[in-house]
Structure formats: structure tokens, C-alpha cells
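Notes follow the structure.
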Amino acid sequence: MALAHQQLTALNRLIRAIAPSNRFYQPKLAAAGGLDGFAALDDFRARMPFTTKDELARDQVAHPPYGSTLTYPRETYSRYHQTSGTSGRPLLWLDDRDSWQWVVDRWKVVWEKAGAARGDSVLFTFSFGPFLGFWAAFDSAVQLGLLAIPAGGMSSLDRLRFLLARRPRILCCTPTYALRLADVAREAAISLRDSGVELIMLGGEPGGSVPEFRARLEQGWPGARVVDHHGMTEIGPASYGFPDQPTLLYLLHDAYLCEVLQPGTNRPVAPGEQGELVLTTLGRTACPLLRYRTGDLVRPAAVAGEDPAAFALAGGILGRVDDMVIVRGVNLYPTAVDAVVHAVSGIRDYAAEIDRRGALAEVTVRFEPTEPHLDPSAELATRLRDAFQIRFNVEKVPAGVLPVFEMKARRWKILS
């Protein structure tokens, strides 16, 4: 198989580069008998241990501030980023010039597959900060010849006016914030039909591959198509989407060795089944990750006409393995609740609270209506009950009560 040979060659090249000096991976590779590389990908999968986020966080505590994963001397690194910390302590991540360019080159693929071309203008809503996705998207856009327009440090209304004055073809932001801008436009009686935006590039959180969310977003931005992608600070951009295939995310198999395993095991899942995405970076030599358990819940799907190993992700990122909450025997994932809520018209945003302090867990969904006189509480409660076969408490709250997110939304709260 051509892809397997390509991946094995890249993997062994990476291992030979990091084994002599990477203090984190040197003992792992030695224990796996892989200091000189592996004879086959199956050997690597069978013998190489996983890397986990908790392990990396502990390593950074033990070897502050950046841990022992750096392959080269600290003074050779020039890029700093960190994770959002939504699932624990933020990870600090450094790149040298070559590894950063590797990340940027992966993002160029994301732009090109989405249909972006030299001369297009892109408006970025992100504020200046350590979020890797913004910087990689911005730098890659500049290198591709796109007009990259930063729009941080503004209120949502000012940002909309800024956008309308410049009419970018592409808007780049999180799913939550794209919807927020559409809501603000409606409240301010601003039409987005002639905004110039034809493509909305999403990342930072699940949502862009959820049909209900995507339909609502495209309704709020008439004439615009939604394209999803996903990545992680410690991994880089790992997937891309096509405007005409909105329910699939394609993985960058030439840059990552991708596995989908049953959570907590080394057993691969069959196509169509859910599992945890495990990634190995094949070119980010300065700060590599081998068999990294991403925590992302996905469903692999075969791609017609492609190498069987080059699977895509049906439905994008379905959720986080550690975000699943069991309520009265029912598995709840935020993205599944998201899909139900966004299928109900008249809801601007919502937050969910799971209270485990009583004998039986209670789930409360609070929502803000798009208009004060609207109250779809009964419809929402019915749809949630029908979807999950348990009762949800549903409460309408006034506009402005729920927090507004420009980056990753944090809608779930657990009381225990």
C-alpha cells in the first residue's frame, strides 16, 4: 500500500531525528525497541505506548515550564502557543521555524480544499492571544496570497460594521461566534445578504459538521457556505472539509498517522463505529507527538476510490470522550444536545447544567430566545425527551443572561 509505505518512511525519519535528544520520547522508544525506527506500522501500533494529555501536563509540571518533549535546545524555538485548558491545565507548546512552517503548510491545504484562492480576502474575528489555530490560519493565508484582515479587539456590532465595510469573501471564526454575529446583525436590523461573505471557515470547537447547526448558520448568513476543519494546538491542523461535502472531514494522512480506537484500549473500531482519534505527527520534529490520544470522539468512514487506510470522519468531531455524561443510564454528549437545541427555531443560545447532588441526576437547559416574545420551551423539552428518552428541565432566560463566547463555548456545567 502506497500510503502505508509513505507513512512508515515519514515515521522512521521522524524517530531518527528525535531519538537522540528528545528526553520525553527517548525512553519510550527504547522500551518499544524503536530507537532506530520500526519495520512496519503494525509493529509501531503494537509496541509504541500512547501519549496522553494528562501525561504531558504532568511532564510540564515536573520539567517547567515547557516539559521534556522539546527535541532541540530551547533557544532554537521561536513560536509559543498554548491549549485552551477546557479539559484541565493548559499545555504550553513551542515550535522552531521548521516545525512552525510544517503547521502552516498543513493549514494551506485546509484553505485550498475549501476553495480559497489568491486574491480572496479573509476576515479573522479572533483577538490577539496564544490560540494556535488563529496564528496558523493567518500565517498560511498570508503565504497563500490571501488578504488576511485581523478584526480582534472589537465589540460584535463594531466587528460586523467592520466586515460590511470591507466585504471579505471568507469569514474565519468558531461556530458559536459565527452564529453570534448573525444574531447581533438581526438585532441591529443589519442585512447580511450583501455582506460579501461566501465561505465561513470554522474551527476551534465541534459544530460545523452538525447538519442542524450548519443549516441555522447558513440561514443567518444568506449565500454563504460553511466549511469545517479541526486541529489542536499540540497536534496542528489535522483535517479539512469541502463545501459540497459538509458532513465529512478528511484527514491529512500524509502528515499524520491516524488511528481510531475503542476508548481506553488498543483495539481499532470498524468503519461506521465510534471511537477515539489517535494521531502521530509525522513532520513536527521540534515538538512531536507519537500515538497521542486526542480525546476526540469520531466515526471513521471509507472514501470511495481511495486507499482503505485513508478514511474520513463522518459527522466531523462528534464530541469529546471525557465530555460524555451518564444521566439515568443515558449517555449524553454536548454535540448531540447541541443538534437538538439548534433544530428548534427561536433559540439564540443555551447552557446546560447537570446536577448530580440528588438521588437522581437532573439536567436543566437554559436558553435565550431570539425575540423576547418567543417561548419555544415546550417544543424544546419535547424534542430533548424524544431524542434521549429522559426528562430535561427547560428554562427561558432574558437576553444577556448567558455568557457570550468568541472562542470555544463552555455551555456545560456539572454540579456534584
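Here, each number is a calculation from the coordinates, and none is a lab measurement. Computed from a prediction, not measured in an experiment: that's the story for all the values here. Using ideal geometry, Cβ is built from the backbone for each residue, glycine included, and neighbour counts are taken over all protein chains shown.
Points worth noting:
- Each residue of segment 363-369 was assigned a 3J(HN,Hα) from its phi angle through the Karplus expression (A = 6.51, B = -1.76, C = 1.60, θ = phi - 60°), giving 10, 10, 10, 9, 9, 9, x Hz with x at Gly and Pro.
- Annotation: amide H-H contacts under 5 Å for Ala238 (H modelled 1.01 Å from N, sequence separation of 5 or more, or interchain): His230, Gly231, Met232.
- Of the trypsin sites (Lys or Arg not before Pro) in segment 100-182, the ones in a loop by DSSP (not H, G, I, E or B) with at most 15 other beta carbons within 10 Å are Arg118.
- Sequence-distant lysines (8 or more away, or on other chains) whose Cα lies within less than 22 Å of Lys396: Lys413
- Inter-label distance for Asp98 and Arg410, nm, one decimal - labels placed 7 Å from Cα along Cα-to-Cβ: 3.8
- Shown here for segment 341-403: trypsin sites (Lys or Arg not before Pro) in loop regions (DSSP other than H, G, I, E, B) with at most 15 other Cβ atoms within 10 Å, namely Arg356, Arg357, Arg391.
- If the chain linking Ile326 and Ala189 were pulled fully straight, counting 0.36 nm for each residue of separation and taking away their Cα-Cα distance, it would gain 45.1 nm.
- With loop membership from DSSP and a limit of 15 other Cβ atoms within 10 Å, the longest segment of the chain without GluC sites (Glu not before Pro) is 1-272.
- With the charge dipole of the chain set up from +1 on Lys and Arg Cβ and -1 on Asp and Glu Cβ about the Cα centre, the Cα lying farthest toward the positive end among the listed residues Phe213, Ile18, Ala182 is that of Ile18.
- Calculated diffusion of segment 106-160, Stokes-Einstein form, Kirkwood radius summed over Cα pairs, 25 °C and 0.890 mPa s, µm²/s: 210
- With R₀ fixed at 30 Å, the C-beta to C-beta distance from Asp386 to Ala270 puts the FRET efficiency at about 0.55.
- Between Glu198 and Gln245, the modelled labels are 2.1 nm apart [label points 7 Å from Cα along Cα→Cβ].
- Theoretical gain in end-to-end length, Thr364 to Arg58 [0.36 nm per residue, Cα-Cα removed]: 106.7 nm
- Using the Karplus relation 6.51 cos²θ - 1.76 cosθ + 1.60 with θ = phi - 60°, the per-residue 3J(HN,Hα) values for segment 239-249 come to 8, 9, x, 10, x, 9, 10, x, 9, 10, 10 Hz, with x marking Gly and Pro.
- Ranking of His81, His63 by count of other Cβ atoms within 10 Å, fewest first: His63, His81
- Taking Cα centre as origin and charging only the Cβ of basic (Lys, Arg, +1) and acidic (Asp, Glu, -1) residues, the dipole magnitude of the chain rounds to 500 debye.
- Size descriptors for segment 195-240 (Cα atoms only): Rg and Dmax, in that order, 11.6, 35 Å.
- Using the Stokes-Einstein relation with a Kirkwood hydrodynamic radius computed over Cα pairs, the translational diffusion coefficient of segment 324-415 at 4 °C and a viscosity of 1.567 mPa s comes to 96 µm²/s.
- The chain: angle of helix 156-166 to the longest principal axis, Cα-based, in degrees nearest 10: 80
- The chain, helix-only ellipticity at 222 nm - DSSP H runs n ≥ 4, -39,500 (n - 2.57), divided by all residues, nearest 500: -9500 deg cm²/dmol
- Net +/- balance of residues flanking Ala343 in space, Cβ distance below 13 Å, scoring K and R +1, D and E -1: -1
- Comparing Val321, Leu374, Leu261 along the charge dipole axis of the chain, the residue lying farthest to the positive side is Val321, per the Cβ-charge model.
- Counted charge near Ala185, where neighbours are those whose Cβ lies closer than 13 Å (Asp, Glu -1; Lys, Arg +1): +2
- Which label in [x] 148; [y] 158; [z] 229 gives the computed volume of the Cα convex hull per residue in Å³: [x]
- Kirkwood analysis of the Cα pair distances in segment 96-193 returns a hydrodynamic radius of 14.2 Å.
- Residue-wise HN-Hα couplings along segment 63-69, as the Karplus relation 6.51 cos²θ - 1.76 cosθ + 1.60 with θ = phi - 60° gives them from phi, are 10, x, x, 9, x, 10, 7 Hz; Gly and Pro carry x.
- Charge tally for Val103 (other residues, Cβ to Cβ under 15 Å; Lys, Arg +1; Asp, Glu -1): -2.
- Approximate shape of segment 29-171 as ellipsoid semi-axes (Cα gyration tensor, √5λ), whole Å, largest first: 36, 20, 14
- Cross-link partners of Lys28 among aspartates and glutamates (Cα-Cα below 18 Å; sequence separation of 8 or more within a chain): Asp36, Asp42, Asp43, Asp54, Glu55, Asp59
- Proximal aspartates and glutamates to Lys113, defined as alpha-carbon separation beneath 18 angstrom and excluding residues fewer than eight positions away on the same chain: Asp105, Asp139, Glu198, Asp228, Asp244, Asp254, Glu306
- Taken along the Cα-to-beta-carbon direction at a fixed 7 Å, the label points for Phe128 and Glu371 span 4.2 nm.
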